[in-house]
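What follows is a short report on a single structure.
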Amino acid sequence: MTAQEELSTRHKVDVDALRRGATEVLLRNWTGRSTVPSRALYPHQWSWDSAFIALGVRHISPLRAQYELESLLGAQWADGRIPHIAFNPDVPHGAYFPGPDFWQSSLRSSAAPATPETSGIIQPPVHALATWHTHLADPVESTRRHFLPRIYPRLVAWHHYLEKRRDLGGRGLAAIVHPWESGMDNSPSWDAPLQWIDPWPRNGFRRRDLTHAAAADRPTDTDYGRYLRLAADYRDQNYDDGRNQNGFAVEDPCFNALLIASDHALGQIADILRRDSTPHKTRAAARTTALVDSLYHSEAGMFGCRDLLHDSPLSLGSVAGLIPLIVPDLPGTIVAQLLATIVGERFRLGEVQLTPSFDLTSSSYETGRYWRGPSWFNVAWLLYQGLVQHSAPELAAVLRQDLLATALATNFAEYLDPYTGEGHGARNFSWTAATALDLLAQETQ
Ligand code: 2M8
């Protein structure tokens, strides 16, 4: 019996249906230049979504995975930042809020490209990692198209931006200035810093997300008003990080762990291109030390966020605190503690579906609301890589099987209830399809 046959028998995953369904989702969400996360809810190109999409699409078309990343990097700013949204000019401005009229990128900053219009904030730096794996999917075609020589300087500029403009705490880590920059937008981790932010008045904006998703699955109006206030304040400073007048400045372990994983990937790319990889390796090592020294909480067995404005740790419990498993050179004692936490009562890997986005035992946990508890597929993909890397193959296999089964069963939902496996948010969601395709291929390779 092949590995695929065994998998479908044991876990009742119809592998062919999964592969077909995931491929269809990614074809349907392809716009000709890039892939939208969801046709209805998110009709533009999102930064970290595109990195996960490339990781999956490379199994259908390595060339299209290259286009995905090239298209995103076409929206990069002159200061090196990769914006969290690149707006598709063919989509009506009102289709997503806050859209180009809100962000006003090219009007506010000369560093922004004239086209496409973009947002001004960023998302976690998974891009070098995705670029490296995209290259490996078809090195011949990649070399023929000069994919790496063209992309590498852009990725270096991106990491340079994070190092030079975002080390707001001066401790060798990158800071985020908006909850959306974490990618885990509505996490209870942000409740404390957000309490100081005056929400925009409810009659000052019209939410589009509620047209496409249940209100109970989405952030409250008050939280949405606070996101808008923070984004508008940053915009009104012309997205100038030097001004340092942010109402929100946080060091996040997931963001920084992905930066370190991407530093390692940049080192591998530099080696292939016969450039000097030492600076990337040195930065990865320094950031790993800073991450452990600044954000690890041994009494809790996990990493946590730090609020730089109030110089205090934020409440622990976000799955972001487990993502550093993706960092290769973590001290063994920390790896052992993270593994204990992931199977313990707070995250219950193997007992619930995937890994909840927030501590199941916390009073802040909400089973269906966006990033306050439900399980996400991109998070599971990241944890899977960490578990494989740190020699926990049984746990990795459980997570993989959960991901494959629930992706298909929920019709590629955006996220799901960890207890029931019920899908929430959008369906036919791109990174759900992409991470499933990639994990399908990882076992069979
Ligand atoms: C969600 O975020 C956007 C804002 O960026 C939204 O709620 O409108 C998050 O889940 C984020 O991580 C993700 O990249 C984005 C698109 O999938 O949706």
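The values are calculated or read from the model by the stated rules, or taken from the named source; none is laboratory data. Keep in mind it's a predicted model, so treat the numbers as computed, not measured. Please note: Cβ atoms are built from the backbone with ideal geometry, for glycine as well, and neighbour counts cover all protein chains shown. SASA here: full protein model, heavy atoms, side chains in, ligands and nucleic acids out. Shrake-Rupley method; radii C 1.70, N 1.55, O 1.52, S 1.80 Å.
Here are the numbers for the structure shown:
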quantity: Residue under evaluation TRP158, criteria (1) open to solvent by less than 50 Å² (accessible area, probe 1.4 Å); (2) in contact with an Asp or Glu (Cβ under 8 Å, 6 or more places away or on another chain), criterion not met; calculated: (2)
quantity: Filter pass, HIS59 being within 14 Å of the ligand (Cβ to nearest atom) and in contact (Cβ under 8 Å) with a residue 24 or more places away in the chain; calculated: no
quantity: Residues of the range 189-214 classified as more than 20 Å from PHE248 (Cβ to Cβ), assigned to a helix (DSSP H, G or I) and within 16 Å of the ligand (Cβ to nearest atom), total; calculated: 4
quantity: Tally of residues being at pLDDT 95 or above, over 29 Å from VAL319 (Cβ atoms) and not hydrophobic (A, V, I, L, M, F, W, C) across the range 241-281; calculated: 7
quantity: Selection count, the range 413-445, where residues are within 12 Å of the ligand (Cβ to nearest atom), hydrophobic (A, V, I, L, M, F, W, C) and part of a helix (DSSP H, G or I); calculated: 2
quantity: Which numbered condition LEU55 misses (of (1) of a type outside the set (Val, Ile, Thr); (2) farther than 19 Å from ALA380 by Cβ; (3) in contact with a helix residue (DSSP H, G or I) (Cβ under 8 Å, 6 or more places away or on another chain); (4) surrounded by 15 or more Cβ atoms within 10 Å (Cβ to Cβ)); calculated: (2)
quantity: Hits in the range 410-440 - residues which are polar (S, T, N, Q), within 17 Å of LEU399 (Cα to Cα) and either open to solvent by 10 Å² or more (accessible area, probe 1.4 Å) or in contact with a strand residue (DSSP E or B) (Cβ under 6 Å, 6 or more places away or on another chain) (or both); calculated: THR410, THR420
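Okay, residues lined up against (1) among the β-branched types (Val, Ile, Thr); (2) open to solvent by 20 Å² or more (accessible area, probe 1.4 Å); (3) away from the ligand (no atom under 16 Å from the Cβ):
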| position | (1), (2), (3) |
| --- | --- |
| GLU70 | no, yes, yes |
| GLY74 | no, yes, yes |
| GLY80 | no, no, yes |
| ALA86 | no, no, no |
| PRO100 | no, no, no |
| THR118 | yes, no, no |
| GLN123 | no, no, no |
| ALA130 | no, no, no |
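Conditions tested, residue by residue: (1) open to solvent by less than 20 Å² (accessible area, probe 1.4 Å); (2) more than 19 Å from the chain's Cα centre (by Cα); (3) closer than 15 Å to SER189 by Cβ; (4) of a type in the set (D, E, K, R).
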| site | (1), (2), (3), (4) |
| --- | --- |
| SER318 | yes, no, yes, no |
| ALA340 | no, yes, no, no |
| SER362 | no, yes, yes, no |
| TRP381 | yes, no, no, no |
| ALA405 | no, yes, no, no |
